[in-house]
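Only one structure is covered here, and it is reproduced in the block below.
The values are calculated or read from the model by the stated rules, or taken from the named source; none is laboratory data. Owing to the predicted nature of the structure, the values given are computational and were not obtained by experimental measurement. Counting neighbours? That spans all protein chains shown, and the Cβs are built from the backbone with ideal geometry, glycine included. These accessible areas exclude ligands, DNA and RNA; they are computed on the full protein's heavy atoms, side chains included. Shrake-Rupley method; radii C 1.70, N 1.55, O 1.52, S 1.80 Å.
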Amino acid sequence: MKALVYGLAIAGEATVKGLMQRGWTVEIADDNVGSDGPTRAKALGAKYIGRPDHAATATLLARFDLLAPSPGVPETHPVITTAIANGLAVRSEIDLAWEWEQTRPGGPRPMLAVTGTDGKTTTTLMATEMLREAGLRAIDAGNTDTPLIAAIDTDVDAFVVECTSFRLAWTTCFRPSAAVWLNLAEDHQDWHTSMASYRAAKARMWKFQTSSDTAIGFIDDDAVMAELAAAPARHRVFGLAVADYRLHGDQLVGPQGVIASSGAMRRALPHDITNALAAAALVLESGLADTAAIGRALARFEGPPHRLQFVAEHGGVRYFNDSKATTPHAVATALRAFDSLVLIAGGKNKGLDLTPLTGEPSRTKAVVALGAASGLVAGLFDGMCPVARVESMADAVRRATEFAAPGDVVLLSPGCASFDMYTGYPARGNDFVRCVHELIEEETR
């Protein structure tokens, strides 16, 4: 059997290794041909094609039994459209991993799954920590540092899979025993053909479940609830009120009763609480953890970096790094966390309507626009509040500080991707943190 792995980033390399370990002959193609591509492919023992002639895509694909695209290969790419038109199997790394796990000696291990436009990483990490507090060796996989296809070869007891639409789009059997959908908002319109395609990809997380599994949805999201109604699994809902998993006073409660106190959480903003409810529902409905383990996990959970991460306080102004907020929906959530803020926003727009950035005018004191979309961002806030356009993160931090007064927050929450200036949102967030500390050091000399 022959497979073409398209894209040689982290997930692509893990897919090559997984396929070859299971007897497949693998060739590698990649639009982003780097000087190290042939060397990496040789080390893997696979043939390296490099950038193929897209005009001859059909001829190329005719040699293979499977196309395994990396998450970065959009559904509009010629290799995808041609494969589908010609009936070639297209499968993602989480799909292959789930199938292989079913044949594991000793039986498959539990897989939980998380999807949504925003909050996936936090909820995935929360659920993983809950499982660990329950005494399980658990790993967060999928859209993390560890692709699921690599994670299944590790010595663990359970998986919590962060599922992007990129990975879900090409699933044919992926079936988590419990799966939560957090929300749906416009995103990744530079990858999908439409919002309908994006939504359909997300819905595949529940598609192959059965009545013995659990599908968990956010009660306040109409799109999620509409898809939940069609899910074949047992249904559960979470939300701040009137849901199976909800907040009652200061207590997180579920069908089993009190789960934990929100007062014990290190941070308990509204989205922190809904994320905690979602994670609790995952581990309780799957039977993998109890409320005691959940309480211990929530009491120590600090959240991932680059998501409303406190950086420093200087002159009465607090600085927060929310670089992971790459959609307007995520920014809107962050804005509601503060009473008065100076927003640093912009980057590479993913084909999204950025208007939701303006959704909290009473809280937004000023805006600093950065990156390729700075003109668009500045235009949205023109006449609403003071706006500055800058060319660098250092200038962004400096101008935001000039706008801020004691009691204000300077918030990096871009609403856009980072690839116009950085290798990814972590690099952007780290640069913000560095610039904040350098400014403070300069002003306190």
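Here are a few things to note about the model shown:
- For region 171-268, the spread of Cα positions along the three principal axes, ordered from largest to smallest, is 43, 32, 22 Å.
- Working from label points 7 Å from Cα in the Cα-to-Cβ sense, the GLU441 to THR81 distance is 5.1 nm.
- Based on alpha-carbon atoms, the Kirkwood radius and the radius of gyration of region 1-111 give Rg/Rh equal to 0.97.
- Shape of region 67-168, Cα gyration tensor, a/c cut at 1.5: oblate
- From helices alone, the chain scores -10500 deg cm²/dmol at 222 nm; the rule is -39500 (n - 2.57) for each run of n ≥ 4 DSSP H residues, then divide by the residue total.
- Mean projection area, nm², convex hull over Cα of region 243-394: 10.9
- Theoretical FRET efficiency, 1/(1+(r/R0)^6), r = Cβ-Cβ of ASP220 and ARG434, R0 30 Å, to 0.05: 0.20
- For SER261 and GLN102, a Förster radius of 35 Å and the Cβ-Cβ distance give a FRET efficiency of 0.35, rounded to the nearest 0.05.
- Among the trypsin sites (Lys or Arg not before Pro) found in region 242-331, those both in a DSSP coil and sparsely packed, with 16 or fewer other Cβ atoms within 10 Å of their Cβ, are ARG266, ARG267.
- DSSP beta bridge pairing in the chain, given as percent antiparallel to the nearest 5: 20
- For region 43-85, the square roots of the Cα gyration tensor eigenvalues, ordered a ≥ b ≥ c, give a/c of at least 1.5 with a/b greater than b/c, which places it in the prolate category.
- In the elastic network of the chain, a GNM with C-alpha springs shorter than 10 Å, the most mobile of GLN189, GLN102, GLN309 is GLN102.
- Each Lys and Arg contributes +1 and each Asp and Glu -1, all at the Cβ; summed about the Cα centre of the chain, the dipole is approximately 740 debye.
- DSSP assigns beta bridges within region 290-445; of those with both partners inside it, close to 25 percent run antiparallel.
- When the Cα atoms of region 299-382 are aligned to their principal axes, the ranges along those axes come out at 39, 27, 20 Å in descending order.
- Bridges between two residues of region 191-284, per DSSP, are antiparallel at a rate of about 55%.
- The stretch between ALA9 and LEU240, if pulled fully straight at 0.36 nm per residue, gains 79.3 nm over its current Cα-Cα span.
- Relative contact order computed over region 201-261 (Cα-Cα under 8 Å; 6+ residues apart), in percent: 24
- Averaging the Cα positions of each part gives two centres, and for region 403-432 and region 285-336 these lie 15 Å apart.
- Loop-resident GluC sites (Glu not before Pro) (DSSP state other than H, G, I, E or B) in region 273-333 with no more than 15 further Cβ atoms inside 10 Å of their Cβ: GLU302.
- On a per residue basis, the chain carries 39 Å² of accessible surface, using protein heavy atoms and a 1.4 Å probe.
- Charge dipole magnitude, Cβ of K and R +1, D and E -1 - region 207-277, Cα centre, debye nearest 20: 220
- Accessible area of region 296-445 belonging to carbon and sulfur atoms, whole % at 1.4 Å probe: 48
- Shape call, region 373-436: gyration tensor on alpha carbons, a/c limit 1.5: oblate
- Given charges at Cβ of Lys, Arg, Asp, Glu: the chain dipole, positive-most of VAL253, MET1, LEU19: MET1
- Rg and Dmax over the alpha-carbon atoms of the chain stand at 22.5, 67 Å.
- Under the criterion of Cα pairs below 8 Å and six or more residues apart, the relative contact order for the chain equals 11 percent.
- Greater than 20 Å apart at Cα, pairs in LYS207/LYS324; LYS2/LYS47; LYS2/LYS42; LYS17/LYS47; LYS2/LYS207; LYS120/LYS202: LYS207/LYS324; LYS2/LYS207
- Accessible-area composition of region 69-211, carbon plus sulfur, in percent [1.4 Å probe]: 51
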